[in-house]
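Beneath this line is the structure, given in structure tokens, with notes to follow.
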Amino acid sequence: RNHRDVINIDMSKLARCLEFSSKDETRLQLNGIAINGGYLVATDGHTLQRFELIKKLEHDYIMPSSSLKILLKLLKGYKLTGLVTLELNEQWATVENSQFTFSMRLIQREFPRWQNIIPVSFMNEIELIGWSNILESLSLFKTDKRYSCTLEASEGVVTLTPKGFPNDKFILGKSDSDFKIGFNFDYLVRAANKQDAFSIKFNNELAPCEINEAIIMPL
């Protein structure tokens with residue numbers, strides 16, 4: 001039976017989720033942004049971003065990243081900001097306004113059960129500061145896509161150490177407890193979202209962490 005859903009979504013949240021969608025063409029269901037379980041969500045299998053929607057739709061959808069990039073360019077070109085109204089059915093998502101009509105064919109796959117990796121609660125939360133000041137320095141240590149780093153707290157001080165450079169430590173904050181967690185550096189940059197200060201929530205060195213509402217898997 002045909003159905004129709006209409007929902008308003010913040011353009012900035014669409015753009016933010018696009019950063020987390022997969023670039024792997026063999027994983028079609030991850031090559032987009034899902035409207036799933038009352039959330040706008042995107043994941044590449046290692047990082048995940050989700051935003052709660054203003055209402056939960058009866059049906060779930062996956063909008064392709066390639067089409068959403070075109071849509072956002074159109075909206076920007078016509079200087080349209082704020083909320084974008086999407087009309088959805090089994091096969092298509094359509095945006096129609098006084099400037100243009102744009103339709104995208106939905107991805108006909110089942111989105112993974114992403115809720116299973118979201119921790120119910122976090123035992124630890126620390127504030128990282130001065131992030132923007134070290135980005136340029138850290139880029140000098142980046143040699144390939146597998147670039148990683150270690151976030152560690154010892155004797156009350158939180159430091160970040162690039163892999164392969166144990167003598168180069170960057171101070172990022174303070175912590176009452178000791179810990180040591182490995183990260184892909186690009187994942188941290190994506191989650192930090194150009195903010196100079198942000199909090200990181202975690203349970204242990206193996207469990208998913210949360211940074212700026214984004215879920216990051218440690219190494």
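Are any residues in segment 74-117 touching a strand residue (DSSP E or B) at 6+ places or on another chain (Cβ under 8 Å), assigned to a loop (DSSP other than H, G, I, E, B), surrounded by 13 or more Cβ atoms within 10 Å (Cβ to Cβ) and of a type outside the set (Lys, Arg), and if so, which ones?
Listed by number, the residues that qualify are ASN89, ASN97, LEU106, ILE107, PHE111, PRO112.
Would segment 55-73 turn up any residue that is within 30 Å of LEU188 (Cα to Cα), under 22 Å from the mean Cα position of the chain (by Cα), aromatic (Phe, Trp, Tyr) and surrounded by fewer than 19 Cβ atoms within 10 Å (Cβ to Cβ)?
no
Looking at this structure, is LEU172 more than 20 Å from the chain's Cα centre (by Cα) and within 30 Å of SER12 (Cα to Cα)?
So LEU172 fits the description; yes.
Looking only at segment 175-197, filter to residues that are charged (D, E, K, R) and under 23 Å from the mean Cα position of the chain (by Cα); which one of those is surrounded by the most Cβ atoms within 10 Å (Cβ to Cβ)? I'd like the intermediate steps shown before the answer.
Our first condition is that a residue be charged (D, E, K, R); within segment 175-197, this holds for 176, 178, 180, 186, 190, 194, 196.
Retained after the next criterion (residues that are under 23 Å from the mean Cα position of the chain (by Cα)): 180, 186, 190, 194, 196.
Values: LYS180: 11, ASP186: 15, ARG190: 20, LYS194: 9, ASP196: 12.
So the residue we want is ARG190.
Tell me yes or no: at least one residue of segment 158-165 is open to solvent by 60 Å² or more (accessible area, probe 1.4 Å), out of contact with any Phe, Trp or Tyr (no Cβ under 8 Å at 6 or more places or on another chain) and either in contact (Cβ under 8 Å) with a residue 24 or more places away in the chain or part of a loop (DSSP other than H, G, I, E, B) (or both).
no
In segment 1-48, which residue that is over 12 Å from the mean Cα position of the chain (by Cα) and hydroxyl-bearing (Ser, Thr, Tyr) is most open to solvent (accessible area, probe 1.4 Å)?
THR26
Among (1) without any contact (Cβ under 8 Å) to a residue 60 or more places away in the chain; (2) touching a helix residue (DSSP H, G or I) at 6+ places or on another chain (Cβ under 8 Å); (3) within 26 Å of LEU206 (Cα to Cα), there is one condition ARG27 misses while meeting the rest; what is its number?
(2)
Results for (1) among the aliphatic types (A, V, I, L, M); (2) more than 16 Å from ALA214 (Cα to Cα); (3) at pLDDT below 95, shown as yes or no for each residue.
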site	(1), (2), (3)
TYR39	no, no, no
LYS56	no, yes, yes
PRO64	no, yes, no
LYS69	no, yes, no
LYS73	no, yes, no
LEU88	yes, yes, no
PHE100	no, yes, no
VAL120	yes, no, yes
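Can you run down the residue pairs with Cβ atoms below 8 Å, 6 or more apart or on separate chains, where the first is in segment 81-102 and more than 16 Å from ARG4 (Cα to Cα) and the partner is of a type outside the set (Phe, Trp, Tyr) and open to solvent by 60 Å² or more (accessible area, probe 1.4 Å)?
ASN97/THR85; PHE102/ILE70; PHE102/GLU96
Against the conditions (1) closer than 16 Å to THR150 by Cβ; (2) open to solvent by less than 70 Å² (accessible area, probe 1.4 Å); (3) in contact with a Cys (Cβ under 9 Å, 6 or more places away or on another chain), where does ILE211 fall short? Just the number, please.
Condition (3) is where ILE211 drops out.
Taking SER12 and the conditions (1) part of a helix (DSSP H, G or I); (2) over 28 Å from ALA191 (Cβ atoms), which numbered condition does it fall short on, given that it satisfies the others?
Answer for SER12: the failing condition is (2).
The values are calculated or read from the model by the stated rules, or taken from the named source; none is laboratory data. If you're wondering where the values come from, they're calculated on a predicted model, not measured in any experiment. Neighbour counts are summed over all protein chains in view; Cβ atoms, including those assigned to glycine, are modelled from backbone coordinates with ideal geometry. Accessible surface areas use protein heavy atoms only, side chains included; no ligands, DNA or RNA. Shrake-Rupley method; radii C 1.70, N 1.55, O 1.52, S 1.80 Å.
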